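**Q** Got a structure for you, written out below as structure tokens; questions coming shortly.
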Amino acid sequence: MSTGNVTRVRGMTPRPQDASSVPESGRIAIERAKGLLMLRHGVNSHHAFAVLIRLAQASGSDIASTARRLVSEAGYSGADALGSPSGTDDDRLADRLLSLATKHLFGIGLLLQGSLRLARHPELQRRLHEAIDEIDRTIEELRATVPD
């Protein structure tokens, strides 16, 4: 079955008939939607595309339409040709990235602190302390870089 510029067969991966047949706006929407899925779910580009395909199949629509809907629901404006996010979205993205980075760095710091009690060699203990201190400084620098 063909819908728009994308061939769809139940249970099969929708694939563009050829790259030139998918309008640029559809390709842009697909890339934006992949980016949103990557950010929200912490997956790579291929996994995000697979999720987008499953969403399209579940909704019974082509992948470009599904991508446009996902981008629209996320609140991205289509005011400019590139569809860059508004200031509010930039702030939200910065907050999410800061939170993610801080969470991961904090987790690594805790792991290193837990390893301190296993370290018997004084040089290893010193290096672990240095690494923990550097992680703390990095978290503080990140927090100072992204305003509240």
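**Q** Is there any pair with a first residue in region 117-139 that is under 29 Å from residue 100 (Cβ atoms) and hydroxyl-bearing (Ser, Thr, Tyr) and a second that is surrounded by 11 or more Cβ atoms within 10 Å (Cβ to Cβ) and modelled with pLDDT under 90 whose Cβ atoms are under 8 Å apart and which are 6 or more apart or on different chains, and what are they?
**A** 138/105
**Q** Look through 71, 51 and report the one residue that is touching a helix residue (DSSP H, G or I) at 6+ places or on another chain (Cβ under 7 Å) and either closer than 30 Å to residue 145 by Cα or modelled with pLDDT under 80 (or both).
**A** 71
**Q** What are the pairs, 6+ residues apart or on separate chains, where a residue within region 47-73 that is farther than 12 Å from residue 36 by Cβ has its Cβ under 6 Å from a residue that is β-branched (Val, Ile, Thr) and in a helix (DSSP H, G or I)?
**A** Going by the 6 Å Cβ cut-off, the qualifying pairs are 56/63; 56/66; 59/66.
**Q** Determine whether residue 80 is touching a Ser or Thr at 6+ places or on another chain (Cβ under 9 Å), modelled with pLDDT under 80 and surrounded by fewer than 13 Cβ atoms within 10 Å (Cβ to Cβ). If you could, list the steps in order and put the result at the bottom.
**A** Working: touching a Ser or Thr at 6+ places or on another chain (Cβ under 9 Å): no; modelled with pLDDT under 80: yes; surrounded by fewer than 13 Cβ atoms within 10 Å (Cβ to Cβ): yes.
No; evaluated as a whole, the condition is false for this residue.
**Q** When the residues of region 139-148 are filtered to those that are surrounded by 14 or more Cβ atoms within 10 Å (Cβ to Cβ) and assigned to a helix (DSSP H, G or I), which remaining residue is modelled with the highest pLDDT?
**A** The extreme case among them is 139.
**Q** Would you confirm whether any residue within region 125-138 is assigned to a helix (DSSP H, G or I), at pLDDT below 90, of a type in the set (D, E, K, R) and closer than 24 Å to residue 38 by Cα?
**A** Looking through region 125-138, none of the residues is assigned to a helix (DSSP H, G or I), at pLDDT below 90, of a type in the set (D, E, K, R) and closer than 24 Å to residue 38 by Cα.
**Q** So, in region 25-72, how many residues would count as being within 15 Å of the chain's Cα centre (by Cα), of a type in the set (Val, Ile, Thr) and either surrounded by 19 or more Cβ atoms within 10 Å (Cβ to Cβ) or outside any helix (DSSP H, G or I) (or both)?
**A** 3
The values are calculated or read from the model by the stated rules, or taken from the named source; none is laboratory data. Small disclaimer: the values here were computed from a predicted structure and weren't measured. Backbone-built Cβ (ideal geometry, glycine too); neighbour counts: all protein chains shown.
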